[in-house]
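Student: If you scroll down you'll find the structure; I have some questions about it.
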Amino acid sequence: RVEVWFSILAALCLTAFMIWFLDKYSPYSARNNKDKYPYPTRQFTLRESFWFAVTSFTPQGGGEAPKSLSARTLVAAYWLFVVLMLATFTANLAAFLTVERMQSPVQSLKQLARQSRINYTVVQDSDAHNYFRNMKNAEETLYRVWKEITLNASANQSQYRVWDYPIKEQYGHILISMEKTGTVKSTAEGFQKVRENDDA
């Protein structure tokens, strides 16, 4: 999200400014304590502080840290923030890629009947609507005939059992799902619903 990226950028700029401010005005910094640090040390100018904050996001790290305790405390808190942000970003990216790989497009009526993520419907009283109605009635008729055969089969009851019905009743489930979603009066209304809803 854009707000997250702007927040990270704001935290980076604020940290860079605070590192420069503490290194410049702290009496314990290398700049203001030449007796304790006679050897060459890193000078945290505003530009160098910003570069330190940016490179802290890389595996190489920001390099030499400030010498004052206040600046070191700030850097430690900033490093903790960087670790948490990188871990969160990595976890979200892995989850996003995994979900995208697991979601397969619907390519058949069988897959459409099994899934519940996408809502679907038809134009009311259209040819497609009548087709699903007829197929649902056909499924009900076939099941009723099968039930009569199994209940009246006295010769070999092990061959005909009600629970061994060989036909999948997918059209009935699809019609029920479409009626639950609600049919539309025209294709224009259907396209409008698709644009308004992410799950349609």
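The values are calculated or read from the model by the stated rules, or taken from the named source; none is laboratory data. Keep in mind the model is a prediction, meaning the values are calculated, not measured. Please note: Cβ atoms are built from the backbone with ideal geometry, for glycine as well, and neighbour counts cover all protein chains shown.
Student: Is it true that some residue in segment 26-44 is more than 22 Å from Val4 (Cβ to Cβ) and among the aliphatic types (A, V, I, L, M)?
Tutor: Checked segment 26-44: at least one residue is more than 22 Å from Val4 (Cβ to Cβ) and among the aliphatic types (A, V, I, L, M).
Student: If you check every pair at least six apart or on different chains, which have Cβ atoms under 8 Å apart with a residue in segment 140-153 that is in the same structural domain as His173 (by TED's automatic domain parsing) and under 19 Å from Ile176 (Cα atoms) first and a residue that is of a type in the set (A, V, I, L, M, F, W, C) and not in a helix (DSSP H, G or I) second?
Tutor: Short answer, once both residue conditions are applied: Leu142/Ile167; Tyr143/Ile167.
Student: Sticking with this structure for a sec: Among (1) surrounded by 12 or more Cβ atoms within 10 Å (Cβ to Cβ); (2) more than 27 Å from the chain's Cα centre (by Cα); (3) of a type in the set (A, V, I, L, M), which single condition is Met85 missing?
Tutor: Failing condition for Met85: (2).
Student: Where the second residue is assigned to a helix (DSSP H, G or I) and of a type in the set (S, T, N, Q) and the first is touching a residue at least 12 places away in the same chain (Cβ under 8 Å) and lies in segment 25-36, which pairs have Cβ atoms under 6 Å and are six or more apart or on separate chains?
Tutor: Correct list of pairs: Ser26/Ser70.
Student: Any residue in segment 67-76 that is surrounded by 12 or more Cβ atoms within 10 Å (Cβ to Cβ), touching a Leu at 6+ places or on another chain (Cβ under 6 Å), modelled with pLDDT of 85 or more and closer than 22 Å to Trp5 by Cβ?
Tutor: Within segment 67-76, not a single residue is surrounded by 12 or more Cβ atoms within 10 Å (Cβ to Cβ), touching a Leu at 6+ places or on another chain (Cβ under 6 Å), modelled with pLDDT of 85 or more and closer than 22 Å to Trp5 by Cβ.
Student: Does Gln124 meet the test of being exposed (fewer than 15 other Cβ atoms within 10 Å of the Cβ), of a type outside the set (Phe, Trp, Tyr) and touching a Lys or Arg at 6+ places or on another chain (Cβ under 9 Å)?
Tutor: Details: exposed (fewer than 15 other Cβ atoms within 10 Å of the Cβ): yes; of a type outside the set (Phe, Trp, Tyr): yes; touching a Lys or Arg at 6+ places or on another chain (Cβ under 9 Å): yes.
Here the answer is yes, as Gln124 does meet what is asked.
Student: Just need a number here: residues in segment 51-77 that are β-branched (Val, Ile, Thr) and free of Cβ contacts under 8 Å to residues at least 12 places away in the same chain.
Tutor: 3
Student: Any chance segment 3-23 includes a residue that's hydroxyl-bearing (Ser, Thr, Tyr), closer than 30 Å to Leu93 by Cβ and out of contact with any strand residue (DSSP E or B) (no Cβ under 9 Å at 6 or more places or on another chain)?
Tutor: Yes; the residues of segment 3-23 include at least one that is hydroxyl-bearing (Ser, Thr, Tyr), closer than 30 Å to Leu93 by Cβ and out of contact with any strand residue (DSSP E or B) (no Cβ under 9 Å at 6 or more places or on another chain).
Student: Tyr131 - would you say it is modelled with pLDDT of 80 or more, loosely packed, with under 14 Cβ neighbours inside 10 Å and of a type outside the set (A, V, I, L, M, F, W, C)?
Tutor: In short, yes.
Student: Regarding segment 38-45, can at least one residue be identified that is assigned by TED's automatic domain parsing to the domain that holds Ala10 and outside any loop (DSSP other than H, G, I, E, B)?
Tutor: Within segment 38-45, none of the residues are assigned by TED's automatic domain parsing to the domain that holds Ala10 and outside any loop (DSSP other than H, G, I, E, B).
Student: Same structure, new question: Determine which single condition Tyr28 fails, assuming it passes every other condition in (1) surrounded by 14 or more Cβ atoms within 10 Å (Cβ to Cβ); (2) under 38 Å from the mean Cα position of the chain (by Cα).
Tutor: (2)
Student: Now, a different point. Could you count how many residues in segment 109-135 are of a type in the set (Lys, Arg) and within 13 Å of Ser177 (Cβ to Cβ)?
Tutor: Narrowing segment 109-135 to residues of a type in the set (Lys, Arg): 110, 114, 117, 133.
Next, only the ones that are within 13 Å of Ser177 (Cβ to Cβ) stay: 114, 117.
Summing the residues that are of a type in the set (Lys, Arg) and within 13 Å of Ser177 (Cβ to Cβ) in segment 109-135 gives 2.
Student: Is segment 80-89 home to any residue that is touching a residue at least 40 places away in the same chain (Cβ under 8 Å) and closer than 21 Å to Ser7 by Cβ?
Tutor: Checking segment 80-89: at least one residue is touching a residue at least 40 places away in the same chain (Cβ under 8 Å) and closer than 21 Å to Ser7 by Cβ.
Student: Separate question: Taking into account only those residues within segment 1-31 that are part of a loop (DSSP other than H, G, I, E, B) and of a type in the set (S, T, N, Q), which is farthest from Arg72 (Cα to Cα)?
Tutor: Just the residues of segment 1-31 that are part of a loop (DSSP other than H, G, I, E, B), to begin with: 1, 26-31.
When the remaining residues are screened for being of a type in the set (S, T, N, Q), the result is 26, 29.
On the way: Ser26: 12, Ser29: 10 Å.
Looking at residues that are part of a loop (DSSP other than H, G, I, E, B) and of a type in the set (S, T, N, Q), I get Ser26.
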